[in-house]
Amino acid sequence: MKLYLHDKKWNEVIATARTIMSMRHSLQSNYNDLFAFANKGNKQEILFALSAKFYSTPTNIWLAHALPGNYYDVKTGVNLTQWGGYKILWKTYDKFDKNDKRTERLLTKWRTSATNTTLFDARANNYIGAIHMKYDVDPTSTGYGQGNDVVIWRYADVLLSLAEAINETSGPTAEAYDLVGQVRKRAGLDNIPAGLS
């Protein structure tokens, strides 16, 4: 489906997406659950993921790349490796709707220790952007690797790809709006009014 989408083979995208939809996948009700350690192996929405382990290859090193050196994980207290590279630039972060639940995975403030309850403010401290904490901390991890499966393709991709292909072949139909609306609703957003792009 992704290859057909890249090659603008719209009818093939539609046929493949409809086949995938017949396999009874669905959106998970909570977007943040997709990237939780407890969601490992869940096939409801995740169509393809790399199975990761913290102690062997492959391992998920997203958090090591993303977390800044002064981040303290309140939930687990795990001592995390932090290289502090990945950021969502403020100009991009500021485009999110204030009700968008996906921003819960983007940190703008965080604790720096178990005892200091004052939140470190990334914007006020001249960080170039928010921290993209895509995955939850693996509570069993002992190093830079995490055991969270690396999510590659999700059912949401199928819905949005189908909507794009329908729009390219038939224009902005009610079905295309509905497909996009399903993903937006799960993010806590209103539907796009018909006629808007």
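The values are calculated or read from the model by the stated rules, or taken from the named source; none is laboratory data. All values derive from a computational prediction rather than experimental measurement. Glycine gets a Cβ as well: all are built from the backbone with ideal geometry, and neighbour counts include every protein chain shown.
The residues of region 14-57 that are hydroxyl-bearing (Ser, Thr, Tyr) and farther than 21 Å from GLU164 by Cα, listed by number, are SER29, TYR31, SER51, TYR55, SER56, THR57.
In summary, helices (runs of 4 or more DSSP H) completely within region 83-197 and bearing 2 or more residues that are at pLDDT 95 or above and of a type in the set (Gly, Ala, Ser) occur at 155-170, 174-186. The set of residues in region 18-28 being part of a helix (DSSP H, G or I) and over 21 Å from the mean Cα position of the chain (by Cα) consists of ARG18, THR19.
Do we find that PHE35 is closer than 19 Å to ALA156 by Cβ, surrounded by 12 or more Cβ atoms within 10 Å (Cβ to Cβ), aromatic (Phe, Trp, Tyr) and out of contact with any Leu (no Cβ under 6 Å at 6 or more places or on another chain) in this structure?
Values: closer than 19 Å to ALA156 by Cβ: yes; surrounded by 12 or more Cβ atoms within 10 Å (Cβ to Cβ): yes; aromatic (Phe, Trp, Tyr): yes; out of contact with any Leu (no Cβ under 6 Å at 6 or more places or on another chain): yes.
Yes.
Within region 56-80, if we keep just the residues that are outside any loop (DSSP other than H, G, I, E, B) and hydrophobic (A, V, I, L, M, F, W, C), the residue that is surrounded by the most Cβ atoms within 10 Å (Cβ to Cβ) turns out to be LEU63. Since ALA15 meets every condition but one in (1) more than 20 Å from the chain's Cα centre (by Cα); (2) in contact (Cβ under 8 Å) with a residue 12 or more places away in the chain; (3) assigned to a helix (DSSP H, G or I), which condition does it not meet? Only one criterion is unmet by ALA15, namely (2).
Restricting attention to region 30-58, the residues being hydroxyl-bearing (Ser, Thr, Tyr) and modelled with pLDDT of 95 or more number 0. Taking the criterion of being over 14 Å from LEU67 (Cβ atoms) and either out of contact with any Leu (no Cβ under 8 Å at 6 or more places or on another chain) or exposed (fewer than 14 other Cβ atoms within 10 Å of the Cβ) (or both), the residues of region 98-112 that qualify are LYS98, ASN99, LYS101, ARG102, THR103, GLU104.
So that you can scan it fast, the table gives a plain yes or no per residue for (1) over 21 Å from SER26 (Cβ atoms); (2) surrounded by fewer than 19 Cβ atoms within 10 Å (Cβ to Cβ); (3) among the small types (Gly, Ala, Ser):
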site: ILE131; (1), (2), (3): yes, no, no
site: ASP136; (1), (2), (3): yes, no, no
site: PRO139; (1), (2), (3): yes, yes, no
site: THR142; (1), (2), (3): yes, yes, no
site: GLY145; (1), (2), (3): yes, no, yes
site: VAL158; (1), (2), (3): no, no, no
site: ALA165; (1), (2), (3): no, no, yes
site: THR169; (1), (2), (3): yes, yes, no
site: LEU179; (1), (2), (3): no, no, no
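Residues that are among the hydroxyl-bearing types (Ser, Thr, Tyr) and free of Cβ contacts under 8 Å to residues at least 24 places away in the same chain within region 152-173 comprise SER170, THR173, listed in sequence order. Checking each residue in region 142-156 for being touching an Asp or Glu at 6+ places or on another chain (Cβ under 6 Å) and over 12 Å from PHE37 (Cβ atoms) picks out ARG154, TYR155.
Please enumerate the residues belonging to region 81-97 that are out of contact with any helix residue (DSSP H, G or I) (no Cβ under 6 Å at 6 or more places or on another chain) and surrounded by 13 or more Cβ atoms within 10 Å (Cβ to Cβ). Lay out the reasoning, then the answer.
Our first condition is that a residue be out of contact with any helix residue (DSSP H, G or I) (no Cβ under 6 Å at 6 or more places or on another chain); within region 81-97, this holds for 82, 84, 87-95, 97.
Listed by number, the residues that qualify are GLN82, GLY84, LYS87, ILE88, TRP90, TYR93, ASP97.
All conditions but one from (1) more than 22 Å from ARG18 (Cβ to Cβ); (2) touching a Phe, Trp or Tyr at 6+ places or on another chain (Cβ under 8 Å); (3) free of Cβ contacts under 8 Å to residues at least 24 places away in the same chain apply to SER113; the one that does not is (3). For region 38-52, a tally of residues being under 27 Å from ASN79 (Cα atoms) and surrounded by 18 or more Cβ atoms within 10 Å (Cβ to Cβ) returns 3.
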